[in-house]
Structures are given as C-alpha cells and as structure tokens.
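Undergrad: Next up is a structure, given as structure tokens.
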Amino acid sequence: MKQLFGTDGIRGAAGEFPLDEPTVRVIGASLARQLREELGRDARIITGRDTRESGAWIERAFHAGASSEGATVESAAIITTPGVAYLTKAYAFDAGVVISASHNPYEDNGIKIFSPTGKKFGADYERKIEADIYLGYQDVLGTIEINTRRAAELHQAYIDHLLEVAGSFSAKGKKMVVDCANGASCEFATELFRSAGAEVIAIHNAPNGRNINENCGSLHLEHLQARVIESGADLGVAFDGDADRALFVDEKGNIVDGDATLWIMARYLKSHGKLSNSTVIATVMSNIGLEIALASEEMKLVRTNVGDKYVLDELLASGSEVGGEQSGHIIFPEISLVGDGMMTALLLLKSIIEKEVSLSQAVVGFNRYPQTLVNVRVREKRPFADVPKIAAAAAALEGELNGDGRLLLRYSGTENLARVMIEGKDQSNIEAQAKSLADVIAAALN
C-alpha cells in the first residue's frame with residue numbers, strides 16, 4: 001500500500017488519484033467516521049482553500065464525504081493555511097482541513113488536516129484514511145452545497161487575532177510592498193497591514209484560479225525587489241500560495257530570507273526576555289552564518305531534518321520560542337504551531353519600528369557564508385561512515401574548515417545521488433574541496 005500522506009499532507013495533480021472526486025469524498029468520510037468513533041458524537045469540521053481553480057470542487061467533494069458520516073462541515077472559503085489552524089482551535093472545531101498545494105503551480109492541489117491544538121493530525125488518522133482509500137471504503141455519490149455563511153466573520157476573526165497577538169504598535173509612516181502570489185493572502189494582507197498603519201502597495205493580488213505562484217510570490221522575488229526600489233518602500237514581503245511562509249526584501253532591494261529573519265526575531269525576542277533558553281531551531285540547510293551570528297550574542301542553533309514538521313517537533317521538545325527554515329517558514333510556538341507568513345511579517349515590522357532601524361540595519365551581524373553543492377551519481381547508498389575512504393576524506397575536510405565552515409553529506413531521497421554541500425569563507429576554496437570529496441565518493445561507491 002503506497003503511503004499517500006507526506007510530512008505536509010496529501011499533495012498531487014488535481015483530478016488525479018488521490019485528488020480525484022471519489023477519493024476526496026472517501027477522505028472526508030473516513031476522517032468524519034474516525035472522529036465520531038473517538039469523540040462519541042458527530043464531528044464539527046472547518047475547511048478552507050487557496051485560490052486554485054480546483055479548490056472549490058475538491059472542497060465540495062470533501063464536504064459531501066464528511067457529511068455522509070454525520071459531520072457538520074463549515075467553510076471559511078479562501079483563507080490561509082495558518083488561518084484555518086487558528087479557527088480550528090478558536091471556534092472549537094474537531095478538525096481543520098486546508099485544501100492547498102502551497103507554493104506548487106495551479107495544476108496541483110493538496111489536503112492537510114489540523115487538530116484543535118493547531119498541529120497536523122497524527123499518523124494514526126492518516127494511515128486509517130489511506131486504508132479506507134485502498135480497501136474499498138464505500139464511496140458517497142452526489143454533491144453538497146458548501147456552508148460559507150460565516151466566512152466573512154471567520155476572516156475578520158483571523159485578522160483581529162493577528163493584530164492582537166502582534167500587540168500594540170503603529171506602522172504609520174512605513175511603506176511596504178506586499179506580493180500576495182495571487183494566493184490566499186490576497187483576501188487579507190492589504191487590510192491587515194493597513195490596519196497596522198502602514199501604507200501598502202499590493203502586487204500579484206488578482207487571482208484567476210490559474211496564476212497562483214506564477215512568476216510571483218516567495219519563489220520569484222525579482223518583481224518585489226524591483227517594486228520596492230521603484231516605489232521607495234521601506235520593505236517588501238512575499239508570501240506563497242497559502243501564506244504559511246514569508247520572505248522579505250529590504251529598502252535597498254536585498255533579499256532577507258528565513259535565516260536572516262530568524263536572526264532578527266531571535267535578537268528581538270531575547271531583548272524582551274522571551275528567548276529563555278537562548279536557542280533557535282533551524283534545519284540542516286540553514287547557513288552556518290546564522291549559527292556564527294547567534295553564537296556571537298550567546299545564542300545557539302539546533303538543527304533538524306528539512307521540514308517544518310521536524311522544526312516544530314524540536315521546538316516543542318526543547319521549549320524554544322522560535323524556529324524555521326530558509327524558505328521563510330517561521331514558527332513561534334507560543335502563538336501558533338504552524339508557520340504564519342502574515343504573523344511573521346507583522347512581528348518583523350514591529351521589531352524594526354521598535355528598534356528604530358531599517359530592515360537592512362536589522363540584518364547587520366548576520367553574514368551569509370558562500371555555499372557550494374555537488375551531486376555525485378552513485379550505484380549504492382551505503383552510510384558514509386561505513387566507507388573508510390569517504391569517512392577519512394570527510395574528517396580531513398572538516399579539519400580544514402576548523403569551525404569556519406560546514407560540511408553536509410546526504411543522499412537524495414528520490415535518486416541515486418550523493419549530495420556534497422560545503423559552506424566556508426572562500427568560494428573558490430569550498431568548490432575545490434567539494435570536487436575533491438565528490439571524486440572520493442564517486443570512486444568508492446561506483
């Protein structure tokens with residue numbers, strides 16, 4: 001039985017298994033049935049979606065399936081992923097379901113399920129849903145009208161929540177450009193930042209069902225950079241399709257990625273006594289420059305595997321207050337257990353206003369180290385430590401770096417490739433080191 005749920009729910013081409021209408025109905029029915037069995041009553045479920053043209057029919061199919069098992073299902077219509085996570089808890093729903101493929105193109109879509117705590121549902125539920133899909137759970141025929149009567153109320157509740165959690169501050173006098181990626185943030189971003197007092201220039205905020213993430217948003221920052229310079233804005237922010245991530249551009253047009261955002265927010269939290277263990281959580285892909293910058297102010301970086309799920313797990317296990325990824329997923333677990341791009345943008349805006357600095361000044365102290373990546377095709381994926389020549393070469397290279405750089409060796413999850421990633425002070429040196437180690441790996445594993 002193929003596993004359908006990944007670390008971020010189900011994702012794939014809309015209209016094809018497992019995101020075809022009959023299968024989506026089974027997903028809805030299976031979730032509602034499991035919740036009824038656990039709770040001893042019919043479930044209450046809220047759904048929301050991004051702006052993809054497939055979102056509406058996928059949502060209808062899910063509602064039909066869930067309703068067939070007695071669930072009461074409401075829709076918040078077009079809303080961000082973290083918006084659904086918030087509403088699930090705030091309105092005492094038993095589950096929140098997001099229909100989105102995040103930063104993927106419009107042809108794709110996805111389903112992710114949140115518990116009332118704001119965390120994604122556990123693997124037990126996912127495996128039972130998969131079993132129902134594969135073992136012939138009775139499909140529900142027909143369709144159903146979606147209940148969106150409270151959508152406007154739910155949207156306003158989410159905006160009010162963001163402003164309340166960010167706390168009192170005025171962005172009056174600040175001009176910002178907001179790239180909505182033609183996605184879910186189009187419904188919220190302009191109103192949110194204007195409510196905070198900022199002058200807002202919105203771009204890519206005219207979704208048509210097919211232009212979500214198309215040459216815009218957090219994967220294509222060049223338009224945002226140009227508009228910030230052209231308009232003389234203080235900063236720019238770009239969201240992805242479901243607005244769970246945010247990347248920034250400073251007043252000079254320079255990109256401020258997730259690593260730089262973690263640096264800014266860690267210092268801000270520490271200055272307010274809210275970084276009790278002086279620890280920031282990031283992934284193995286975060287630049288060593290972040291680690292060195294944090295150490296310079298007596299903070300440490302703890303790394304996890306790639307994926308916001310692993311960042312969240314470590315945040316909760318260690319009791320840390322902030323973590324995230326280079327891609328712009330930033331999590332403040334005391335506020336939300338899911339990355340929220342608009343919350344991140346509000347807090348970053350508040351921090352530079354309070355410190356009376358520009359965004360470029362706020363980044364000072366974080367110096368990104370040069371990085372190189374070499375892929376090596378291999379016949380087998382033996383643990384590197386079990387191959388003496390590779391282990392010796394890697395140890396020698398780490399000795400050369402001597403704390404002023406970083407080596408990351410890993411295998412591709414989908415191809416027969418070994419990946420050699422090195423960060424260091426000099427680009428030409430690390431490129432030569434990466435090639436040398438790649439040659440050793442190629443000889444040993446081929």
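Undergrad: Name the single residue that is surrounded by the most Cβ atoms within 10 Å (Cβ to Cβ) among those in segment 46-58 being outside any loop (DSSP other than H, G, I, E, B) and touching a Gly at 6+ places or on another chain (Cβ under 7 Å). Steps first, please.
TA: Here is the first cut: in segment 46-58, the ones outside any loop (DSSP other than H, G, I, E, B) are 46-49, 55-58.
Still in the running and touching a Gly at 6+ places or on another chain (Cβ under 7 Å): 46, 48-49.
Working: Ile46: 24, Gly48: 30, Arg49: 26.
My answer is Gly48.
Undergrad: Of the residues in segment 256-276, how many are touching a helix residue (DSSP H, G or I) at 6+ places or on another chain (Cβ under 7 Å), free of Cβ contacts under 8 Å to residues at least 60 places away in the same chain and not in a helix (DSSP H, G or I)? Outline the logic, then answer.
TA: Just the residues of segment 256-276 that are touching a helix residue (DSSP H, G or I) at 6+ places or on another chain (Cβ under 7 Å), to begin with: 256, 259-266, 268, 275.
Now drop any that are not free of Cβ contacts under 8 Å to residues at least 60 places away in the same chain, which leaves 266, 275.
Then keep just the ones that are not in a helix (DSSP H, G or I); that gives 275.
Number of matching residues: 1.
Undergrad: Under 9 Å by Cβ, and 6 or more places apart or on different chains, what pairs join a residue from segment 309-321 that is within 13 Å of Asn277 (Cβ to Cβ) and assigned by TED's automatic domain parsing to the domain that holds Ile264 with one that is part of a helix (DSSP H, G or I) and among the acidic types (Asp, Glu)?
TA: As it stands, the answer is Ser320/Glu314, since those pairs meet every condition given.
Undergrad: Hey, another quick one. Output the residues belonging to segment 394-424 that are assigned to a helix (DSSP H, G or I) and surrounded by fewer than 20 Cβ atoms within 10 Å (Cβ to Cβ).
TA: Ala394, Ala395, Ala396, Glu398, Gly399, Glu400, Leu401
Undergrad: Still on this structure, please answer the following. Restricting to segment 221-243, and then to whatever is outside any strand (DSSP E or B) and β-branched (Val, Ile, Thr), can you tell me which residue is surrounded by the fewest Cβ atoms within 10 Å (Cβ to Cβ)?
TA: From segment 221-243, those outside any strand (DSSP E or B) are 221-234, 240-243; that's our starting set.
Retained after the next criterion (residues that are β-branched (Val, Ile, Thr)): 228-229.
Numbers: Val228: 28, Ile229: 15.
If we take residues in segment 221-243 being outside any strand (DSSP E or B) and β-branched (Val, Ile, Thr), then Ile229 is surrounded by the fewest Cβ atoms within 10 Å (Cβ to Cβ).
Undergrad: Go through Ala206, Ala246 for me and flag whichever is buried (at least 23 other Cβ atoms within 10 Å of the Cβ), closer than 30 Å to Ala13 by Cβ and not acidic (Asp, Glu). Break it down stepwise before answering.
TA: Details: Ala206 fails: buried (at least 23 other Cβ atoms within 10 Å of the Cβ).
So the residue among Ala206, Ala246 that is buried (at least 23 other Cβ atoms within 10 Å of the Cβ), closer than 30 Å to Ala13 by Cβ and not acidic (Asp, Glu) is Ala246.
Undergrad: Scan segment 154-167 and tell me whether some residue there is more than 26 Å from Leu346 (Cβ to Cβ) and touching a strand residue (DSSP E or B) at 6+ places or on another chain (Cβ under 8 Å).
TA: Initial filter on segment 154-167 (more than 26 Å from Leu346 (Cβ to Cβ)): none.
Checked against the condition, which is being more than 26 Å from Leu346 (Cβ to Cβ) and touching a strand residue (DSSP E or B) at 6+ places or on another chain (Cβ under 8 Å), segment 154-167 yields no hits at all.
Undergrad: While we're looking at this one, here's another question. Based on what the data block shows, is Gly9 within 15 Å of Ile111 (Cβ to Cβ) and either at pLDDT 95 or above or surrounded by fewer than 20 Cβ atoms within 10 Å (Cβ to Cβ) (or both)? Break it down stepwise before answering.
TA: Details: within 15 Å of Ile111 (Cβ to Cβ): yes; either at pLDDT 95 or above or surrounded by fewer than 20 Cβ atoms within 10 Å (Cβ to Cβ) (or both): no.
Spelling it out, it is not the case that Gly9 is within 15 Å of Ile111 (Cβ to Cβ) and either at pLDDT 95 or above or surrounded by fewer than 20 Cβ atoms within 10 Å (Cβ to Cβ) (or both).
Undergrad: Still on this model: Among the residues of segment 22-45, are any outside any strand (DSSP E or B), surrounded by fewer than 20 Cβ atoms within 10 Å (Cβ to Cβ) and of a type in the set (Lys, Arg)?
TA: Looking through segment 22-45, at least one residue is outside any strand (DSSP E or B), surrounded by fewer than 20 Cβ atoms within 10 Å (Cβ to Cβ) and of a type in the set (Lys, Arg).
Undergrad: Anything in segment 69-103 that is among the aromatic types (Phe, Trp, Tyr) and surrounded by fewer than 24 Cβ atoms within 10 Å (Cβ to Cβ)? List them, or say none.
TA: Going through segment 69-103, the residues among the aromatic types (Phe, Trp, Tyr) turn out to be 86, 91, 93.
Within segment 69-103, Tyr91, Phe93 meet the criteria.
Undergrad: Then there's this: Can you pull out the helices (runs of 4 or more DSSP H) entirely within segment 106-217 that have at least 1 residues that are over 20 Å from the mean Cα position of the chain (by Cα), under 19 Å from Gly341 (Cα atoms) and outside the structural domain of Thr88 (by TED's automatic domain parsing)?
TA: On the way: elements: 123-134, 151-166, 189-195.
Fully inside segment 106-217 and qualifying: 151-166, 189-195.
Undergrad: Given the condition hydrophobic (A, V, I, L, M, F, W, C), in a strand (DSSP E or B) and farther than 26 Å from Ser168 by Cα, answer yes or no: does some residue in segment 351-374 qualify? So that I can check it myself, show each step before the final result.
TA: Filtering segment 351-374 down to residues hydrophobic (A, V, I, L, M, F, W, C) leaves 352-353, 357, 359, 362-364, 366, 373-374.
Subset that is in a strand (DSSP E or B): 373-374.
Okay, now just the ones that are also farther than 26 Å from Ser168 by Cα, so 373-374.
Within segment 351-374 (the criterion being hydrophobic (A, V, I, L, M, F, W, C), in a strand (DSSP E or B) and farther than 26 Å from Ser168 by Cα), the answer is yes, since at least one residue qualifies.
Undergrad: Oh, and also: Could you look through segment 104-126, keep only residues that are under 24 Å from Pro333 (Cβ atoms) and among the aromatic types (Phe, Trp, Tyr), and pick out the one that is surrounded by the fewest Cβ atoms within 10 Å (Cβ to Cβ)?
TA: My answer is Tyr125.
Undergrad: Kindly provide the set of residues from segment 163-186 that are buried (at least 24 other Cβ atoms within 10 Å of the Cβ) and not β-branched (Val, Ile, Thr), ordered by number.
TA: Keep residues of segment 163-186 that are buried (at least 24 other Cβ atoms within 10 Å of the Cβ), which gives 176-185.
Residues satisfying the conditions are Met176, Asp179, Cys180, Ala181, Asn182, Gly183, Ala184, Ser185.
Undergrad: Tell me the residue from Val280, Val306 that is outside the structural domain of Thr51 (by TED's automatic domain parsing), free of Cβ contacts under 8 Å to residues at least 24 places away in the same chain and either surrounded by 24 or more Cβ atoms within 10 Å (Cβ to Cβ) or within 29 Å of Cys216 (Cβ to Cβ) (or both), please. Show your work before the answer.
TA: Working: Val280 fails: free of Cβ contacts under 8 Å to residues at least 24 places away in the same chain.
Sole residue among the options that is outside the structural domain of Thr51 (by TED's automatic domain parsing), free of Cβ contacts under 8 Å to residues at least 24 places away in the same chain and either surrounded by 24 or more Cβ atoms within 10 Å (Cβ to Cβ) or within 29 Å of Cys216 (Cβ to Cβ) (or both): Val306.
The values are calculated or read from the model by the stated rules, or taken from the named source; none is laboratory data. Every value quoted in this text rests on a predicted model; they were computed, and no experiment measured them. Cβ sites come from the backbone with ideal geometry, for glycine too, and all protein chains shown count toward neighbours.
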